[in-house]
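The values are calculated or read from the model by the stated rules, or taken from the named source; none is laboratory data. Computed from a prediction, not measured in an experiment: that's the story for all the values here. Please note: Cβ atoms are built from the backbone with ideal geometry, for glycine as well, and neighbour counts cover all protein chains shown. Side chains are part of the model used for accessible areas, which takes the heavy atoms of the whole protein and leaves out ligands, DNA and RNA. Shrake-Rupley method; radii C 1.70, N 1.55, O 1.52, S 1.80 Å.
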Amino acid sequence: MDLEVMEDEIYEISSELYEEYDYTSKSKPSVNPKGIVSQLPFNLPAYSITDKEGDMLIPRRNRKKSEYDEFLDIEHIGSTNLRLVGLQIWRGALLLADWFLHHGHSLSQNDFILELGSGVGLSSIVASMFTPVICTDVDRADIFKTIRANVMRNAHLSKYPVEILELDFTAEQLPEKISALLPKIKLIFAADVIYDDHLTEAFVKTVKRLLDIPPQRSILIALEKRYVFTISDCDTCAPCYDYFLESIKSLSNVIMEEVPLDFPQYFKYDRCKELVLWKITSKNQ
């Protein structure tokens, strides 16, 4: 898949998903002129509601006649060209958000976690309920302003800070600040960052750089397999996903395992069979 050929193609996946569930609240102001702010409902796991003394860890809003405990206010764009897909909301981010709600209590509050290709910051905001987060992306189309606005909109949920930094997969080196923080980063995560072979190659190189630096750490990658019909195969296949697997498996000194999706679903979305979650860990260093 050639990025230059497809750069002007419009993707409507996120728009269709959220129109189906009527998430969008168009009355809320957005940073981006084309942006909308959606309310994404979710339930809280029982352990996250109170501490050992019975005090509320996360205050619930009064949502009468609602089956959900809470919601995120997330600014995003319903459809974009390929270059700006980070401004949409993707199911992989919601899958990671579910993972954090279920496993977040086991994360260390003395370390950082790092998100790659954060988009509008949804997964980072949920993760910040449990541990300090470094949220990264390429700052184009005012995406950092959007992330900051989303963090502020949901400040009542965050228990820990979210720091926003630029990290470009195509750069030759990691940003100096991220390199300095790596000894305190044990977990890295990313959602739906694979949609073009050139970007996949750059992403995998970034993964290798992050895993090669001690101490040992893991990367969680949530992806949705996107099937297309190819004339060469005369069949449907997921070429971007297949190329990603091939590229990761070519790395030495890593362990790759698929994570079972048997944890509860807290957010409202279609956890379809095409969603997968991979854990890539550096071998003992």
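Applying the selection to the stretch 112-143, what residues are open to solvent by less than 20 Å² (accessible area, probe 1.4 Å), touching a Pro at 6+ places or on another chain (Cβ under 9 Å) and either among the hydroxyl-bearing types (Ser, Thr, Tyr) or in contact (Cβ under 8 Å) with a residue 40 or more places away in the chain (or both)?
Across the stretch 112-143, the qualifying residues are Ile113, Ser128, Thr136.
Of the numbered conditions (1) free of Cβ contacts under 8 Å to residues at least 40 places away in the same chain; (2) open to solvent by 10 Å² or more (accessible area, probe 1.4 Å); (3) touching a Phe, Trp or Tyr at 6+ places or on another chain (Cβ under 8 Å), Ala180 satisfies every one except a single condition; which is it?
Condition (3) is where Ala180 drops out.
Of the residues that sit in the stretch 74-111 and are in contact with a helix residue (DSSP H, G or I) (Cβ under 7 Å, 6 or more places away or on another chain) and surrounded by fewer than 17 Cβ atoms within 10 Å (Cβ to Cβ), which one is nearest to Ile188 (Cα to Cα)?
Asp111
Any residue at all in the stretch 256-276 that's open to solvent by 10 Å² or more (accessible area, probe 1.4 Å) and under 20 Å from Asp168 (Cα atoms)?
No, the stretch 256-276 contains no residue that is open to solvent by 10 Å² or more (accessible area, probe 1.4 Å) and under 20 Å from Asp168 (Cα atoms).
Take the stretch 29-44 and flag every residue that is open to solvent by less than 90 Å² (accessible area, probe 1.4 Å), in a loop (DSSP other than H, G, I, E, B) and either at pLDDT 90 or above or farther than 20 Å from Arg91 by Cβ (or both).
Matches in the stretch 29-44: Ser30, Val31, Asn32, Asn43, Leu44.
Among the numbered conditions (1) open to solvent by 30 Å² or more (accessible area, probe 1.4 Å); (2) under 23 Å from Tyr266 (Cβ atoms), tell me where Glu163 comes up short.
Answer for Glu163: the failing condition is (2).
Give the residue that is most open to solvent (accessible area, probe 1.4 Å), with candidates limited to residues of the stretch 144-153 that are more than 16 Å from the chain's Cα centre (by Cα) and not hydrophobic (A, V, I, L, M, F, W, C).
Top of the filtered list is Lys145.
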